[in-house]
Amino acid sequence: MAADQTVSRLLAANDVSILFPPPKTAVDMANLIALSDLAGPTGSPQRLWSDDDFARFLALTESPEFPGVPDSGVSRIHLPDGVKNIGAWFVSGIRIDPGAPGLSQEIIAQFGRRPQIRLIVQPVTNGPNGVKVHDIAGHLLFDFTLDPDPALDGCEPFKRAKPDDEAFRDVIRDVVALRDQLAAGKFGGVKVVTAGDMNVHPGLVGPSARSFRDALKAMLEKHLERKRFNAMAVAAVEVAEPWVFVSMLRPEAAFIPVPGPTLDGMHTAEMFSVIGGKHVVPQPATNNQNPITCRNATLQKPPLPVADRKGVSTSEFIDGNVADSRVLEIVNIIADTKQSQFFNTDCVSCHTETAQPLARNVKNFAVPGVSKAVLPKETWNVRNFGWFPSFQKGGVAPTITRRAAAETADVVSFINSQLLDR
């Protein structure tokens, strides 16, 4: 959106949740940020996503479970050879977040506040049939934290994160500067306003695209370094389905898979299948209807017992026939950032809470603050912020969900009220 309207001092959703347009041709790929070309700060000895970390990401995607763990029924993913080269991976989205896993006082009291820059990365290959965006996405998480506070009772090994707001304010200053430069026409000679509904970032289309992309890359390379790189996640599919979700942490030198916080304390992977007899495997036991607690099933001994959990998941209506009113009740809880977060809600729920009710034409379901152009329109679309290649309709759909919009609204409110320079 190009305009001459006055730019607000406050940041908007598109300033902190930056979605790239999916490439259609090889020429378009020049306007993307390649992971093979993304370095750390000046003088950094290696790529930001090192060979070792990339290899570990691929290995844990294909074999996520610990040795000796019983079979959960989750399919093993075999990644195409073309995506095993880091040269195939590009940034599809950037999310600036002053506080994972959530910004409510209740969540901060249990987990602390962990400012992050999250990169959504996806493989794109260019072959005889043209450019192909693969239905695979990784999340690379970079933390801006100080030495943590002790964990609450029963919540080890998760100490309470202490934010490095001084370092993170430098990030925010650069985000503000990029927004202001866009509005002043500094990129490509066209004035671009970022306010409005969430969409593909308006600075990444049209004449401003290449120079704004260069500025974003420079910002990432200024602020990101391996010591901040502490977590990864993947949602991968081999052909058309099923999708497998895995989270990874780096407690020391190398990344490890982590048991799903809403699973049984052993299994790390969760699967979503559209055509399978059971669509969500294993069955999650969420805890998003109890008061917020740091107790869960990830690396805690013992894990939070299933009998002590109370919550909802989209598996209830994906694997069952329930009324629209119940579907709304479930997805409203999952999209509520004060109730639901990574440690009490399963991955499949957070990746299906918008596409499923839209595909089912659930009455009274709405997604405020997101352009209709980027809403997930197929039951097969499990992106929450990124690109979805449709094998049914063709083409690649940029995607933003209700959950992503709710998280972004919290981020915008927190930054504007507490972290902006006055």
TODO: Could you tell me which numbered condition Arg173 fails, if it satisfies all but one of (1) among the basic types (Lys, Arg); (2) in contact (Cβ under 8 Å) with a residue 60 or more places away in the chain; (3) in contact with a Ser or Thr (Cβ under 9 Å, 6 or more places away or on another chain)?
DONE: (3)
Task: Only listed residue being surrounded by 15 or more Cβ atoms within 10 Å (Cβ to Cβ), touching a helix residue (DSSP H, G or I) at 6+ places or on another chain (Cβ under 7 Å) and in a loop (DSSP other than H, G, I, E, B), chosen from Thr399, Thr379, Thr408 - done: Thr379
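The rows are residues; the columns are (1) at pLDDT 95 or above; (2) on the phi > 0 side of the Ramachandran plot; (3) of a type in the set (A, V, I, L, M).
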site	(1), (2), (3)
Gly112	yes, yes, no
Pro123	yes, no, no
Pro128	no, no, no
Asp147	yes, no, no
Phe168	yes, no, no
Arg173	yes, no, no
Lys186	yes, no, no
Leu204	yes, no, yes
Open item on the list: Please go through segment 339-367 and give me each residue that is under 19 Å from the mean Cα position of the chain (by Cα) and either free of Cβ contacts under 8 Å to residues at least 40 places away in the same chain or not in a loop (DSSP other than H, G, I, E, B) (or both), ordered by number.
Closed with: Cys347, Val348, Ser349, Cys350, His351, Thr352, Ala355, Gln356, Val367
Open item on the list: Let me spell it out: the conditions are (1) without any contact (Cβ under 8 Å) to a residue 40 or more places away in the chain; (2) more than 29 Å from Phe90 (Cα to Cα); (3) out of contact with any helix residue (DSSP H, G or I) (no Cβ under 8 Å at 6 or more places or on another chain), and Gln283 meets all of them except one. Which number is the exception?
Closed with: (3)
- [ ] Given the conditions (1) over 20 Å from Gly102 (Cα atoms); (2) among the basic types (Lys, Arg); (3) in contact (Cβ under 8 Å) with a residue 60 or more places away in the chain, report the number of the one that Lys372 does not fulfil.
- [x] (3)
Open item on the list: Suppose we keep only residues that are surrounded by fewer than 18 Cβ atoms within 10 Å (Cβ to Cβ) and either in contact with a strand residue (DSSP E or B) (Cβ under 7 Å, 6 or more places away or on another chain) or of a type in the set (Phe, Trp, Tyr) (or both) within segment 382-396. Which one would you say is farthest from Ala335 (Cα to Cα)?
Closed with: Phe391
Task: Selection count, segment 313-338, where residues are of a type outside the set (A, V, I, L, M, F, W, C), at pLDDT 95 or above, surrounded by fewer than 23 Cβ atoms within 10 Å (Cβ to Cβ) and assigned to a loop (DSSP other than H, G, I, E, B) - done: 3
Open item on the list: Considering only residues that are within 21 Å of Phe385 (Cα to Cα), among the small types (Gly, Ala, Ser) and in a loop (DSSP other than H, G, I, E, B), which ones fall in segment 189-210?
Closed with: Ala195, Gly196
Task: Odd one out for Phe144, checked against (1) free of Cβ contacts under 8 Å to residues at least 24 places away in the same chain; (2) touching a Pro at 6+ places or on another chain (Cβ under 9 Å) - done: (1)
Open item on the list: Which numbered condition in (1) closer than 30 Å to Pro148 by Cα; (2) modelled with pLDDT of 95 or more; (3) surrounded by 15 or more Cβ atoms within 10 Å (Cβ to Cβ) is the only one that Ser50 fails?
Closed with: (2)
Open item on the list: Quick check on Gly73: is it touching a Pro at 6+ places or on another chain (Cβ under 7 Å) and assigned to a loop (DSSP other than H, G, I, E, B)?
Closed with: yes
Task: Long-range neighbours under 6 Å by Cβ, at least six apart or interchain, first residue within 11 Å of Glu407 (Cα to Cα) and free of Cβ contacts under 8 Å to residues at least 24 places away in the same chain within segment 92-103, second among the aromatic types (Phe, Trp, Tyr) and assigned to a strand (DSSP E or B) - done: none
- [ ] Could you figure out which of (1) touching a strand residue (DSSP E or B) at 6+ places or on another chain (Cβ under 8 Å); (2) assigned to a helix (DSSP H, G or I); (3) surrounded by fewer than 17 Cβ atoms within 10 Å (Cβ to Cβ); (4) among the aliphatic types (A, V, I, L, M) isn't true of Ala177?
- [x] (1)
TODO: Collect the residues in segment 286-312 that are under 21 Å from Ala269 (Cα atoms), in contact (Cβ under 8 Å) with a residue 60 or more places away in the chain, among the hydrophobic types (A, V, I, L, M, F, W, C) and surrounded by 18 or more Cβ atoms within 10 Å (Cβ to Cβ), keeping them in residue-number order.
DONE: Cys294
- [ ] Please work out if Arg56 is in a strand (DSSP E or B), charged (D, E, K, R), surrounded by fewer than 21 Cβ atoms within 10 Å (Cβ to Cβ) and out of contact with any helix residue (DSSP H, G or I) (no Cβ under 7 Å at 6 or more places or on another chain).
- [x] no
Open item on the list: Looking at segment 220-246 only, could you name the residues that are closer than 19 Å to Trp89 by Cβ and among the aliphatic types (A, V, I, L, M)?
Closed with: Leu220, Leu224, Ala231, Met232, Ala233, Val234, Ala235, Ala236, Val237, Val244, Val246
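The values are calculated or read from the model by the stated rules, or taken from the named source; none is laboratory data. Quick caveat: nothing in here was measured; it's all calculated off a predicted structure. Note that we place each Cβ from the backbone using ideal geometry, even for glycine, and neighbour counts take in every protein chain shown.
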